[in-house]
Amino acid sequence: MSLLRVEDVHTYYGESHVLHGVNLTVEGGQVTAIVGRNGVGKTTLIRSIMGMTPPRRGTIRLEGREIQRLPPHEIARAGVGLVPQGRRIFPSLTVMEHLRVASRAQPEGWTIDAIFELFPQLKNRVNHYGSQLSGGEQSMLSIARALVTNPRILLMDEPTEGLAPLVVEEVGRTVARLAGSGLTVLLVEQNLPLALKLAHKVYVMSKGVIVFEGTPSDLIENHEVRQQHLGV
Ligand SMILES: Nc1ncnc2c1ncn2[C@@H]1O[C@H](COP(=O)(O)OP(=O)(O)OP(=O)(O)O)[C@@H](O)[C@H]1O
Ligand SMILES: [Mg+2]
């Protein structure tokens, strides 16, 4: 059974119809990437899965269980973690406070100590406020905050957006490491080379629908899809 299955999802903001029947599956233990130009509905899909902008039509299943009518906190409790676009770090909370608020300890799961092993830089900044962190540190904290909820699937919405190239590489290595440890990831990423490097499967979105599904090498070979929908 797929870990996450999105079927015929239609999502609106008021009368504005943004997702027009999205279908997508995420297999457990894999990185699945979604790429697409600005404004095509990637974040809206993430918000639909999280229950923040619930779909008006369609089903979303987590390990077979329908979740599309649950409120966001129950979807989170069911095992869906989110690294939101723009990171959403609180300027007036410290690194430790971010982690304590989010932490949901599980036997064998992520502890705050284990997080500091993964991100030694955050350990050095444990009493710093969100407003004092660099972009890269904020990105790592937003990943850390999602991990301490011990999700079964991690949704990441453009974790490398706005970061310097060396920091993008660092975030990429972190995602690769998490994936290597068996974490299931649904990654929205504008950085196509990075998405292609990390993902087992790639979806291309355009104007609220999926226009391509395949392996990274399928997409590299498909010049038409790349040119028409990604402009590369
Ligand atoms: N809160 C909102 N209310 C109304 N329309 C919205 C809202 N959020 C997004 N939209 C519109 O929905 C469409 C899809 O936006 P969305 O943020 O999902 O795109 P995206 O693919 O994530 O873009 P980006 O790459 O810039 O993050 C856009 O036309 C956008 O203007
Ligand atoms: Mg977005």
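Key figures for this structure:
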quantity	calculated
Matching entry among Met50, Met96 (being closer than 30 Å to His10 by Cα, of a type in the set (A, V, I, L, M, F, W, C) and touching a helix residue (DSSP H, G or I) at 6+ places or on another chain (Cβ under 8 Å))	Met50
Qualifying helices (runs of 4 or more DSSP H) (wholly inside the stretch 132-215; at least 3 residues being farther than 19 Å from Phe90 by Cβ)	165-180, 192-198
Residue list for the stretch 66-82, filter: farther than 27 Å from His17 by Cβ and either among the charged types (D, E, K, R) or assigned to a strand (DSSP E or B) (or both)	Arg77, Gly81
Residues of the stretch 180-213 classified as of a type in the set (Ser, Thr, Tyr) and either away from ligand 2 (no atom under 16 Å from the Cβ) or closer than 15 Å to Leu154 by Cα (or both), total	2
Positions within the stretch 45-65 being in a loop (DSSP other than H, G, I, E, B) and β-branched (Val, Ile, Thr), in sequence order	Thr53
Qualifying residue in the stretch 30-48 (condition: more than 16 Å from ligand 1 (Cβ to nearest atom) and over 27 Å from Leu194 (Cα atoms))	no
The stretch 3-44 - residue that is among the charged types (D, E, K, R) and not in a strand (DSSP E or B) and, of those, nearest to ligand 2 (Cβ to nearest atom)	Lys42
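For (1) within 16 Å of ligand 1 (Cβ to nearest atom); (2) surrounded by 20 or more Cβ atoms within 10 Å (Cβ to Cβ); (3) at pLDDT 95 or above, each residue gets a yes or a no:
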residue	(1), (2), (3)
Leu141	no, yes, yes
Glu170	no, no, no
Ala176	no, no, yes
Ser181	no, no, no
Val185	no, yes, yes
Glu213	no, no, yes
Ser217	no, no, yes
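The values are calculated or read from the model by the stated rules, or taken from the named source; none is laboratory data. Remember, predicted model here, so these are calculated numbers, not experimental data. FYI the Cβ positions are ideal-geometry reconstructions off the backbone, even for glycines, and counts take in every protein chain you see.
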